[in-house]
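Just below is one structure, and these are the notes that go with it.
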Amino acid sequence: MDLDFTAGEEEFRRRARDWLAGHVPARPLPSLETRQGFAAHRAWEGELAADRWSVVSWPEEYGGQGVDIVKWLVFEEEYFAAGGPGRVSQNGINLLAPTLFDFGTAEQRARVLPPMASGEVIWAQAWSEPDSGSDLASLRSAARRTEGGWLISGQKTWSSRAAFADRAFGLFRSEPVVDSAKPHRGLTYLMFPLDADGVTVRPIGRLDGKPAFAELFLDDVFVPDEDVIGEPGQGWRIAMSTTGDERGLTLRSPGRFVAAAERLTRQWRTHGDPADTALRDRVADAVIGARAYQLFTWANASRFAAGETIGAESSLNKVFWSEYDIALHETALDLLGAEGELADGGEWAEGYVFSLAGPIYAGTNEIQRDIIAERLLGLPKGRR
Amino acid sequence: MRFLLDVEQREFARSLDAMLSAADTPAVARAWAAGDHAPGRAVWGRLADAGVFALAVPEEYEGAGLLPVEVAVAFVELGRHAVPGPVVETVAAGALLARLAELGEAAPAKRLLAPLATGETLATLALPEGGPFALDADVATVRLTATDGELRLAAGHARVERSLDPVRRLARLGPGELLASGPSVAGASRCAADWAALATAAQALGAGLALLDRTVAYVKQRTQFGTPIGGFQAVKHRLADVLTGLEFARPLLYGAALTLRTADIAAAKAAAGEAAYAAARAALQLHGAIGYTAENDLSLWLTKARALRTAWGSPAECRRLVLAGGFGGD
């Protein structure tokens, strides 16, 4: 058991650090949840990609460096330590790309991945519907067979990044529900352009008013067969199969929280009131939590590297980081005192608003706790 | 980077688990609480045979060398099985004597250390870092105190006081023979406190895991409203949170064992202490009234989880050390 990096890993770390030192913008980019900020973040993706830093873990043929998960974690540590901008491409990179690697065709990978890596095409997810949130399998947006493809109709919502993104991916019902106990059958995983005929995008202002997500109204939108991932009707299995493995590790990298906890600690040392032991304990908890998440991830990465699979443990991950993220930002805002109220007062305010969504998206924490209880503790399935 | 227990370490845990399961440790702990130490001494001998007390002792004193990861592995099992006695203190006393020898004061180690490693002698100690009480001072024959730069071998102890954990018996140590003095005593004391905190964190994690296991088993078989209560979401979510707390304390424990930095050990101690205590609260609530009885063995872990929260580093002291040490490597 060790926490040591190989010479190759250290060399990779130095290379990443040097590149980031020369490229990370000196001033923070405008919020990526605005039109102007979205464009600036897209351009940053292109800058990363030009030197193969946007998707380091992907094979070289798609624009990556083909590195393993340990080096990916090293890159992420360096990225956030250097103050790198938020990743506007993360929906595509974290959610769609792993699915394409596992279930896509070579043609799809060659066509979809390089422009995703460069930021040329930014992806939004289209899972939830007005009546299908945690109970996603009850979704009703339909895909109807037509010559050479499918016509999709219905309404998707809470579609992150869709206000400014180029394309979207999601599940559509291609066969009617036959057995009401098995609504997961007959769903198809599709990709479609957001500027196609029949698509209406209505941005939704999140808590701070920024259009971080959108509603999608779909009216007989044509999707060619080449944009179906895997077999029609098998979409549920395809969408869920990548929720458990390494994606559980890569949705939120520990580097992000380690860097944030270090920043918070520095602010505590310069601005904190040493007599305020209650706040001091919360700052310490932020440090402890970041370290715990980092080490938990290293342990899972080690298991992964040893050929083990990571299953329902990724639900532990999700509950932990999403609640940690809120506590971290609450602590930072409390440390700022009255200035913590300022919406444009600095790095913590927008992060706080973003953190509040964490326990809701990517499977609510209630669903994650059900998974933990049933699959890790073996408790009986019950009513939700 | 291979942050996983290796095959030998996992086998070590399994063999201790098997041995302690067969030893009926709840009965041993109850006997210890009642003042009958014979069954506890028998378990002590078996732990010594398994090498547990040699894990923080250099080879020249009949130890196995300094093996903090193995200490963590072993103490998770000791906590899981509610093993009574000054187990943490004996390991920490060994670390203190070894460190003192390293700092140039070898005489106390030469005189006292080998019998600790082999399990012949039980030790206890009271250090400035750990508070005024020594555990099981009436059973331990090596009783160390380190205050004001002086290491002493206490001749006796004050009245034994009851702990909230009936298995733990606390006493202040009396005066005694001067073993060493000077700055090396403070250094050795800090080192011993770190090892004690590490072992206590591991013990707390093990206690938390035992509480969770027993509670999961209980809610699967306890039926109300015609169905096992473990199917209710309020129950499931509470236990999911307990598991989350324990599973994120675990890597802090092993990470601290690898670095042996005071701040990392304090982080592990704070997290394991909180996670075990949360496990105890959930275990009591979900067992209901039966869990509130002394008769039910659950009480052994419920009370221990409370005691271990403040033993060898209170939550506030641990957090102070975390911020004093900061992040990452030295």
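The values are calculated or read from the model by the stated rules, or taken from the named source; none is laboratory data. Because the structure is predicted, anything quoted here is derived from the model rather than measured. Positions of Cβ are backbone-derived with ideal geometry, glycine not excepted, and every protein chain shown enters the neighbour counts.
Among the residues of segment B:207-230, those identified as at the interface with chain A (Cβ under 9 Å from one of its Cβ atoms) and more than 33 Å from the chain's Cα centre (by Cα) are B:THR227, B:PRO228. When residues in segment B:142-155 are screened for being exposed (fewer than 13 other Cβ atoms within 10 Å of the Cβ) and either within 19 Å of the chain's Cα centre (by Cα) or at pLDDT below 95 (or both), 1 of them pass. Residues in segment B:252-273 that are more than 9 Å from chain A (Cβ to nearest Cβ), among the charged types (D, E, K, R) and in a helix (DSSP H, G or I): B:LYS269 only.
In this structure, does B:GLN233 turn out to be within 12 Å of chain A (Cβ to nearest Cβ), polar (S, T, N, Q), surrounded by fewer than 24 Cβ atoms within 10 Å (Cβ to Cβ) and in contact with a strand residue (DSSP E or B) (Cβ under 8 Å, 6 or more places away or on another chain)?
Working: within 12 Å of chain A (Cβ to nearest Cβ): yes; polar (S, T, N, Q): yes; surrounded by fewer than 24 Cβ atoms within 10 Å (Cβ to Cβ): yes; in contact with a strand residue (DSSP E or B) (Cβ under 8 Å, 6 or more places away or on another chain): no.
It is false that B:GLN233 is within 12 Å of chain A (Cβ to nearest Cβ), polar (S, T, N, Q), surrounded by fewer than 24 Cβ atoms within 10 Å (Cβ to Cβ) and in contact with a strand residue (DSSP E or B) (Cβ under 8 Å, 6 or more places away or on another chain).
Of the set (1) polar (S, T, N, Q); (2) buried (at least 21 other Cβ atoms within 10 Å of the Cβ); (3) within 14 Å of chain B (Cβ to nearest Cβ), all apply to A:THR6 but (2). Among the residues of segment B:1-46, the one identified as of a type in the set (D, E, K, R), crowded, with 16+ Cβ neighbours inside 10 Å and within 14 Å of another protein chain (Cβ to nearest Cβ) is B:ARG2. The single condition from (1) within 12 Å of chain A (Cβ to nearest Cβ); (2) touching a residue at least 40 places away in the same chain (Cβ under 8 Å) that B:SER314 fails is (2).
Only one of the listed residues (B:LEU100, B:LEU96, B:LEU112, B:LEU78) is of a type in the set (A, V, I, L, M), farther than 17 Å from B:ALA197 by Cα, crowded, with 24+ Cβ neighbours inside 10 Å and at pLDDT 95 or above. That residue is B:LEU100.
Would you mind listing the helices (runs of 4 or more DSSP H) fully within segment A:249-352 where at least 2 residues are outside the structural domain of A:LYS71 (by TED's automatic domain parsing) and touching a Pro at 6+ places or on another chain (Cβ under 9 Å)? Give the derivation first.
Details: elements: A:254-271, A:277-305, A:313-336.
In segment A:249-352, the matching helices (runs of 4 or more DSSP H) lie at A:277-305, A:313-336.
Is it true that B:ALA307 is within 8 Å of chain A (Cβ to nearest Cβ), under 18 Å from the mean Cα position of the chain (by Cα) and in a helix (DSSP H, G or I)? Against the criterion (within 8 Å of chain A (Cβ to nearest Cβ), under 18 Å from the mean Cα position of the chain (by Cα) and in a helix (DSSP H, G or I)), B:ALA307 does not qualify.
All of B:VAL160, B:VAL139 fail the test of being over 24 Å from B:ALA268 (Cα atoms), β-branched (Val, Ile, Thr) and under 19 Å from the mean Cα position of the chain (by Cα), apart from B:VAL139.
Tell me whether segment A:373-381 contains one or more residues that are within 14 Å of chain B (Cβ to nearest Cβ), in contact with a strand residue (DSSP E or B) (Cβ under 9 Å, 6 or more places away or on another chain), of a type outside the set (Gly, Ala, Ser) and within 17 Å of B:GLY230 (Cβ to Cβ).
Restricting attention to segment A:373-381, the residues satisfying the condition of being within 14 Å of chain B (Cβ to nearest Cβ) are A:373-381.
Filter again for in contact with a strand residue (DSSP E or B) (Cβ under 9 Å, 6 or more places away or on another chain), leaving A:379-380.
Cutting the leftovers down to of a type outside the set (Gly, Ala, Ser) gives us A:379-380.
Retained after the next criterion (residues that are within 17 Å of B:GLY230 (Cβ to Cβ)): A:379-380.
The answer is yes; a qualifying residue exists.
Taking segment B:1-114 and the helices (runs of 4 or more DSSP H) fully enclosed by it, the elements with 3 or more residues that are more than 30 Å from A:ALA301 (Cβ to Cβ) are at B:7-22, B:25-33, B:38-49, B:87-102. Among all residue pairs at least 6 apart or on different chains, which show Cβ distances below 8 Å where the first residue, located in segment B:224-246, is assigned by TED's automatic domain parsing to the domain that holds B:LYS269 and touching a residue at least 12 places away in the same chain (Cβ under 8 Å) and the second is surrounded by fewer than 24 Cβ atoms within 10 Å (Cβ to Cβ) and small (Gly, Ala, Ser)? What qualifies is B:ARG238/B:ALA282; B:LEU239/B:ALA282; B:ASP241/B:ALA278; B:ASP241/B:ALA282; B:VAL242/B:ALA278; B:VAL242/B:ALA282; B:GLY245/B:ALA278.
Pairs only if they're at least six apart or on different chains, beta carbon under 8 angstrom, first in segment A:1-26 and in contact (Cβ under 8 Å) with a residue 40 or more places away in the chain, second in a helix (DSSP H, G or I) and hydroxyl-bearing (Ser, Thr, Tyr); list them, first residue then second. The qualifying pairs are A:LEU3/B:THR259; A:ALA16/A:TYR79; A:LEU20/A:TYR79. Here is a check on your reading of the model: is A:ALA306 within 8 Å of another protein chain (Cβ to nearest Cβ), at pLDDT below 95, loosely packed, with under 15 Cβ neighbours inside 10 Å and over 24 Å from the mean Cα position of the chain (by Cα)? Considered against the rule, which asks whether it is within 8 Å of another protein chain (Cβ to nearest Cβ), at pLDDT below 95, loosely packed, with under 15 Cβ neighbours inside 10 Å and over 24 Å from the mean Cα position of the chain (by Cα), A:ALA306 comes out as yes.
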